[in-house]
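The values are calculated or read from the model by the stated rules, or taken from the named source; none is laboratory data. Owing to the predicted nature of the structure, the values given are computational and were not obtained by experimental measurement. All Cβ positions, even for glycine, are placed from backbone atoms using ideal geometry, and neighbour counts span all protein chains on display.
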């Protein structure tokens with residue numbers, strides 16, 4: 001009964017409290033939700049005390065705000081039914097668009113990526129019909145954030161939408177959000193540095209608009225970029241200057257981002273104890289099961305800090321947690337990318353079906369119109385029918401080629417064209433099971449490029465990508481067709497060599513090492529660099545036919561190779577195992 005009352009046309013409701021503070025509270029709540037979470041909660045508490053006085057429109061507005069609060073608390077099970085009710089029954093397009101935007105965010109945080117991108121496609125079709133600034137802002141923001149995911153890679157399209165947002169929303173708040181999203185898209189696309197004037201201009205614009213939460217997000221991004229560019233001291237000064245303001249937001253992603261960025265900055269300055277402290281602070285805020293990116297970054301800092309202090313056992317323990325987070329992040333990124341492509345394919349498929357149906361309808365109409373001209377209409381019909389058949393054949397061929405391409409993308413690393421981590425592990429386990437049954441030995445080599453960070457720092461990330469592609473090609477030339485090559489992450493590769501003894505594996509590894517060390521790579525800037533590699537080798541007969549144990553032994557040998565001075569091959573021995581676990 002309550003739902004039916006809420007569905008009544010707003011025009012039939014009497015605005016019994018039109019002059020009361022309720023309407024002002026609703027407007028204030030809209031502004032506070034994206035900028036002052038504690039104040040937002042306080043306003044909702046006031047509105048709840050006057051809920052029986054609300055008009056139909058005001059009640060839908062209140063339910064929307066209540067659902068946003070529930071979602072912010074992580075109570076998606078209660079938020080989603082309210083949002084669906086607003087979309088299906090409110091009869092108010094701005095509220096429906098805002099509910100759709102909130103639902104997209106909930107679906108994405110729940111990792112229901114296909115539903116999130118499908119809803120985003122529906123939202124994009126509704127946005128041109130909406131004049132309400134708040135609905136446009138919330139709707140466009142969610143679409144831009146989905147396009148800006150690294151796994152989707154549509155940074156240029158996101159940038160275009162951010163600029164459209166600035167053009168459509170001339171208010172100070174709209175300009176703040178548009179500039180913030182524009183800055184983020186440029187940053188992800190590699191078109192912005194910490195010293196770019198656009199960065200500070202966006203921060204100043206949000207502060208002037210009173211949108212401190214957006215300004216804090218930009219400043220956290222700026223500090224992170226400073227650390228990556230080697231300006232850790234500037235990042236630390238910036239983060240300490242905004243620390244009290246971040247604490248006041250009560251927003252968990254920001255509360256966790258602040259200490260983990262400090263941890264990365266102190267680690268880059270060589271201050272391992274402080275780096276360790278701030279990394280642990282970040283984990284304490286989110287908990288060890290958080291889906292936030294800060295957890296992976298914190299474990300990476302802890303691993304590096306313990307390693308720098310010579311605490312090998314602690315370093316290994318944190319490395320395992322970091323590796324697990326990295327694997328989960330890669331799997332998550334792949335799921336996001338596949339979801340985007342799936343929805344995109346569905347949209348294209350529906351479009352093709354509509355076009356095909358339109359063509360069929362036109363053919364039927366032509367047959368009726370030209371019935372009196374039998375011979376002429378017959379020729380025309382046959383020609384059109386052949387065109388439709390050709391269209392369907394071409395469409396099926398295109399879909400088949402797309403399927404093959406997506407299948408290849410799901411198994412291979414797009415940069416180096418080697419197997420990606422997940423598929424390498426699947427193929428390696430399958431191969432090891434077969435070799436174990438046949439009692440045939442195999443060798444696993446873990447290869448890590450030496451001082452690769454120097455290439456990125458000196459010549460830029462594009463040069464680093466070129467070196468990675470070249471390294472993968474060089475390694476591939478030294479392998480047989482049935483050998484497996486996979487990129488495990490960053491500058492680390494895994495190689496499984498079936499039917500290979502320990503001595504043969506050492507010979508192949510040394511051949512690869514020598515090929516890398518003696519093959520210069522000419523960058524696009526015409527600068528020539530040579531990057532060596534350290535390799536760790538383990539054999540199934542001595543270690544295990546279980547990939548996990550074989551990988552641990554190969555990693556131990558790799559660790560020893562790096563400790564011994566790099567640019568060398570170390571074969572797994574009992575000494576390297578004991579050294580790693582001591």
ask   = Name the residues in region 97-119 that are part of a helix (DSSP H, G or I) and more than 17 Å from residue 70 (Cα to Cα), would you?
value = 97, 113, 114, 115, 116, 117, 118, 119
ask   = In the list 128, 94, which residue meets the criterion of being in a helix (DSSP H, G or I), surrounded by fewer than 20 Cβ atoms within 10 Å (Cβ to Cβ) and without any contact (Cβ under 8 Å) to a residue 60 or more places away in the chain?
value = 128
message = Among the numbered criteria (1) surrounded by 14 or more Cβ atoms within 10 Å (Cβ to Cβ); (2) without any contact (Cβ under 8 Å) to a residue 60 or more places away in the chain; (3) out of contact with any helix residue (DSSP H, G or I) (no Cβ under 8 Å at 6 or more places or on another chain), which one does residue 417 miss?
response = (3)
note = Scanning region 28-83 for residues that are farther than 24 Å from residue 112 by Cα, surrounded by fewer than 21 Cβ atoms within 10 Å (Cβ to Cβ) and either outside the structural domain of residue 211 (by TED's automatic domain parsing) or free of Cβ contacts under 8 Å to residues at least 24 places away in the same chain (or both) gives 28, 32, 39, 42, 45, 46, 48, 49, 51, 52
ask   = Got at least one residue in region 219-234 being assigned to a helix (DSSP H, G or I), without any contact (Cβ under 8 Å) to a residue 24 or more places away in the chain, under 21 Å from residue 294 (Cα atoms) and within 25 Å of the chain's Cα centre (by Cα)?
value = yes
remark   = The residue from 475, 467, 446 that alone is closer than 22 Å to residue 228 by Cα, crowded, with 16+ Cβ neighbours inside 10 Å and over 22 Å from the mean Cα position of the chain (by Cα) is 467
query = Is there a residue in region 554-562 that is under 22 Å from residue 307 (Cβ atoms), touching a helix residue (DSSP H, G or I) at 6+ places or on another chain (Cβ under 7 Å), modelled with pLDDT under 90 and part of a helix (DSSP H, G or I)?
reply = no
query = So, of the residues in region 433-443 that are surrounded by fewer than 21 Cβ atoms within 10 Å (Cβ to Cβ) and not in a loop (DSSP other than H, G, I, E, B), which turns out to be nearest to the chain's Cα centre (by Cα)?
reply = 433
task = Determine if region 168-178 includes at least one residue that is over 29 Å from residue 462 (Cα atoms), surrounded by fewer than 23 Cβ atoms within 10 Å (Cβ to Cβ), modelled with pLDDT under 90 and out of contact with any helix residue (DSSP H, G or I) (no Cβ under 8 Å at 6 or more places or on another chain).
result = yes
key: Candidates 207, 213, filtered to the one that is assigned by TED's automatic domain parsing to the domain that holds residue 137, in a helix (DSSP H, G or I) and crowded, with 17+ Cβ neighbours inside 10 Å   = 213
message = So, in region 263-320, how many residues would count as being farther than 25 Å from residue 563 by Cα, touching a residue at least 40 places away in the same chain (Cβ under 8 Å) and surrounded by fewer than 17 Cβ atoms within 10 Å (Cβ to Cβ)?
response = 1
message = Just to be sure before I move on: is residue 498 more than 30 Å from residue 333 (Cα to Cα) and crowded, with 16+ Cβ neighbours inside 10 Å in the structure I sent?
response = yes
